[in-house]
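Structure first, commentary second.
The values are calculated or read from the model by the stated rules, or taken from the named source; none is laboratory data. Bear in mind that the values here come from a model prediction, so they are computed numbers and not experimental data. All Cβ positions, glycine included, derive from the backbone under ideal geometry; neighbour counts span all protein chains shown. Heads up: the accessible areas ignore ligands, DNA and RNA and are worked out on the full protein's heavy atoms, side chains in. Shrake-Rupley method; radii C 1.70, N 1.55, O 1.52, S 1.80 Å.
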Amino acid sequence: MGRPFLKMNGAGNDFVVVNALETPFTPTAEQARAIADRATGQGCDQLIAIEPSDRADAFMRVWNADGGVVETCGNALRCVGQVLMQATGKDRVVIDTAAGPTAAARAADGQVRVDMGPPRLDWTEIPLAEEMDTRGIELQVGPIDAPLVHTPGAVSMGNPHVVFFTDRLDDAFVRGTGSLIEHHPLFPEGVNVGFARVLAPDHIRLRVWERGAGLTKACGTGACAALVACARRGLTGRSAAVDLDGGRLFIEWDEATGHVFMTGPVELERAGSLEL
């Protein structure tokens, strides 16, 4: 008996979404990897289960393409929000995650706006292995006297991010540097690695090497982390359009609440059935 799923994407970051509200869905890491495999499985960056919650409309569980369970995923929150809003007829739903509850609401043009909560900016919250100012941590890539990138910002959006400010965004550089930094000893839980090119005070071009997933077309928490890191350095204001490989997200770091809001597209690609 196959397990129904929806194939969805948010700005190109793609997911296999399984409704586990009534029937539990408990794939092994090996099964999660098999589903995510683009050659032999359904192919996705992350596998998502929508589970029951006693404190929210649902709980979202996230597996990366490598089979590891992670705290949250910004683009998936929009997709799950859309599914739940369509199912319930509500204009706003609360989705619990391992990083805490978040709210998703309908936005203009069929987009979904997610309250990602406040960024976590203390070194212990990223977490880092040692105390540092997270506006610019002591980390560089390349020769000591002429590093290719250095002093990135560090931000947790419920998952750890480091953001380099650079004009170099080519595949080889992003892959090489991202894979180097992802498991750097400074990050005991690993880290997502962003490469941000500030085009204007309200416009960022971003590529992200995701922990456990590699180079993806978009990373929602990465876009949030990039805006926060740029704003803390005075490179942008508190809101910006963030252009990722798969599309545009609009990120606002609200001064009144301190919360980060992400607005972006949701696409349903197809429905299908999983054979576990």
- prompt: Between residues in segment 222-240 that are open to solvent by 10 Å² or more (accessible area, probe 1.4 Å) and residues that are part of a helix (DSSP H, G or I) and not aliphatic (A, V, I, L, M), which pairs lie under 7 Å by C-beta distance while being six or more apart or on different chains?
  reply: THR236/CYS230
- request: Among what's in segment 250-259 and is open to solvent by 10 Å² or more (accessible area, probe 1.4 Å) and part of a strand (DSSP E or B), pick the residue that is farthest from GLY158 (Cα to Cα).
  value: PHE250
message: Return the residues of segment 60-116 that are surrounded by fewer than 23 Cβ atoms within 10 Å (Cβ to Cβ), outside any loop (DSSP other than H, G, I, E, B), in contact (Cβ under 8 Å) with a residue 60 or more places away in the chain and in contact with a Phe, Trp or Tyr (Cβ under 9 Å, 6 or more places away or on another chain); say none if nothing qualifies.
response: ARG113, ASP115
field: Unique residue being in a loop (DSSP other than H, G, I, E, B), within 20 Å of VAL198 (Cα to Cα) and among the aliphatic types (A, V, I, L, M) when the list is LEU169, LEU128
entry: LEU169
task: Please find, within segment 37-59, the residue that is nearest to the chain's Cα centre (by Cα) out of those that are among the β-branched types (Val, Ile, Thr) and open to solvent by less than 20 Å² (accessible area, probe 1.4 Å).
output: ILE48
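Every residue, every condition in (1) more than 27 Å from VAL155 (Cα to Cα); (2) touching a Ser or Thr at 6+ places or on another chain (Cβ under 9 Å); (3) of a type outside the set (Gly, Ala, Ser), yes or no:
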{"residue": "PRO24", "(1), (2), (3)": "yes, no, yes"}
{"residue": "THR28", "(1), (2), (3)": "yes, no, yes"}
{"residue": "ASP54", "(1), (2), (3)": "yes, no, yes"}
{"residue": "VAL70", "(1), (2), (3)": "no, no, yes"}
{"residue": "MET85", "(1), (2), (3)": "yes, no, yes"}
{"residue": "GLY110", "(1), (2), (3)": "yes, no, no"}
{"residue": "PRO118", "(1), (2), (3)": "no, yes, yes"}
message: Looking only at segment 174-183, how many residues end up being without any contact (Cβ under 8 Å) to a residue 40 or more places away in the chain and buried (at least 17 other Cβ atoms within 10 Å of the Cβ)?
response: 3
